[in-house]
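The values are calculated or read from the model by the stated rules, or taken from the named source; none is laboratory data. Please read these numbers as outputs of a predicted model, since none were measured by experiment. Don't worry about glycine lacking a Cβ; one is built from the backbone with ideal geometry, like all the others, and counts go over all protein chains shown.
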């Protein structure tokens, strides 16, 4: 296992969503906060945001095919990170070194193929 070049893709339509290097982890949340990711996908904000532990849950993020990729959130204790998408593992797949076959996991804890950068606590 190690750092890999690759891409994150929609499990439903296989469209490339972003770079594997954009993926980060904080506790059990796997997320992307890259603006390019949000430009390529639809972020549908709820009319009322909800607080959940240290997170502000703001809405859903969807692929252009309509597949729900995860939740639009902010870490309330890390406002400098801005808006992020907490990805659902069951909704995405990975192309390592830009080659197929795709790699899929049902749970993040089942990943034994590549490392994900842990967000540094401040």
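Identify all residues within segment 67-122 that are out of contact with any strand residue (DSSP E or B) (no Cβ under 9 Å at 6 or more places or on another chain) and free of Cβ contacts under 8 Å to residues at least 24 places away in the same chain; write none if there are none. Can you show your working first?
Taking segment 67-122 and keeping what is out of contact with any strand residue (DSSP E or B) (no Cβ under 9 Å at 6 or more places or on another chain), we get 77, 79-80, 90, 100, 106-107, 109-110, 112, 115, 120, 122.
Matches in segment 67-122: 77, 79, 80, 100, 106, 107, 109, 110, 120.
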* Structure fact -> Counting only strands (runs of 3 or more DSSP E) wholly inside segment 1-107, the ones holding at least 3 residues that are in contact with a helix residue (DSSP H, G or I) (Cβ under 7 Å, 6 or more places away or on another chain) and either surrounded by 11 or more Cβ atoms within 10 Å (Cβ to Cβ) or modelled with pLDDT of 95 or more (or both) are 6-10, 68-75
